[in-house]
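Right, one structure below, let's go through it.
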Amino acid sequence: MTDLEKLKEVALACGFSHVGNLDVDTVQVRIEVRDACAVDKCHAYNKNWVCPPACGTLEECESTMRKYKMGLILQTTGELEDSFDIEGMEELQKNHSQNMHDFTDKAKELYPNSLVLGDSACRYCKDCTYPDAPCRFPNRQSPAMEAYGMVVSDVCRDNDIPYYYGPGTLTYVGCILVE
């Protein structure tokens, strides 16, 4: 069994619904995605170590990402009562975050130099220390895929893993890049 196959097993054991291969060469970095960060709809822009501008320029992020050749797409999918099921969405996001936290700790044992990218700003700490003090957990950071300029649905499509699993479902996505 290859380490990547073992990593898939670890991901599924951590609670992800779907895990697929990721070819880094398929990822397109788009300035318009990073520009959307600056609009600050998620309220993390310039407030979190893993979000712009603290995570680096788009060029720096792309350069970091291109050091890797492969990885895994990590998805947590759940069913919602309806399109207004905010509690269901929040619970699913919480589950995905927990899956990402658990997975990151275990994945770093197999791939210490891996790059883990999540679905949003880091949530390890209630209040991020940015910009006043260093990150409390620099080895556990997972910047958002969008902070790296990725269109998440395109990354899934270009790597043959669904992004949409039907009416009444929602999927949160992260990834890990390895050498």
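The values are calculated or read from the model by the stated rules, or taken from the named source; none is laboratory data. Predicted, not measured: the structure shown is a model, and the values here were computed from it. Ideal geometry is used to build each Cβ from the backbone, glycine not excepted, and the neighbour counts take in all protein chains shown.
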Every listed condition ((1) at pLDDT below 95; (2) under 26 Å from Glu62 (Cβ atoms)) holds for Gln75 save (1)
Does region 66-86 hold any residues that are crowded, with 18+ Cβ neighbours inside 10 Å and either within 30 Å of Asn113 (Cα to Cα) or free of Cβ contacts under 8 Å to residues at least 40 places away in the same chain (or both), and which are they?
Tyr68, Gly71, Leu72, Ile73, Leu74, Gln75, Thr76, Thr77
Options Ala107, Ala11: the member that is at pLDDT 95 or above, part of a helix (DSSP H, G or I) and surrounded by 12 or more Cβ atoms within 10 Å (Cβ to Cβ):
Ala11
Can you name the residue in region 43-65 that is of a type outside the set (D, E, K, R), outside any helix (DSSP H, G or I) and touching a Cys at 6+ places or on another chain (Cβ under 8 Å) and is also surrounded by the fewest Cβ atoms within 10 Å (Cβ to Cβ) among such residues?
Tyr45
Residue by residue through region 132-155, note down the ones that are closer than 14 Å to Leu177 by Cα and either crowded, with 21+ Cβ neighbours inside 10 Å or of a type in the set (Val, Ile, Thr) (or both).
Ser142, Pro143, Ala144, Met145, Tyr148, Met150, Val155
Inside region 145-162, can you point out the residues that are out of contact with any helix residue (DSSP H, G or I) (no Cβ under 8 Å at 6 or more places or on another chain) and outside any loop (DSSP other than H, G, I, E, B)?
Ser153, Asp154, Cys156, Arg157
Given the condition surrounded by 13 or more Cβ atoms within 10 Å (Cβ to Cβ), touching a residue at least 24 places away in the same chain (Cβ under 8 Å), aromatic (Phe, Trp, Tyr) and in a loop (DSSP other than H, G, I, E, B), answer yes or no: does some residue in region 91-104 qualify?
no
Of the residues that make up region 21-30, is at least one assigned to a helix (DSSP H, G or I) and in contact with an Asp or Glu (Cβ under 7 Å, 6 or more places away or on another chain)?
yes
Somewhere in region 162-175, is a residue surrounded by fewer than 21 Cβ atoms within 10 Å (Cβ to Cβ) and within 19 Å of Arg66 (Cβ to Cβ)?
no
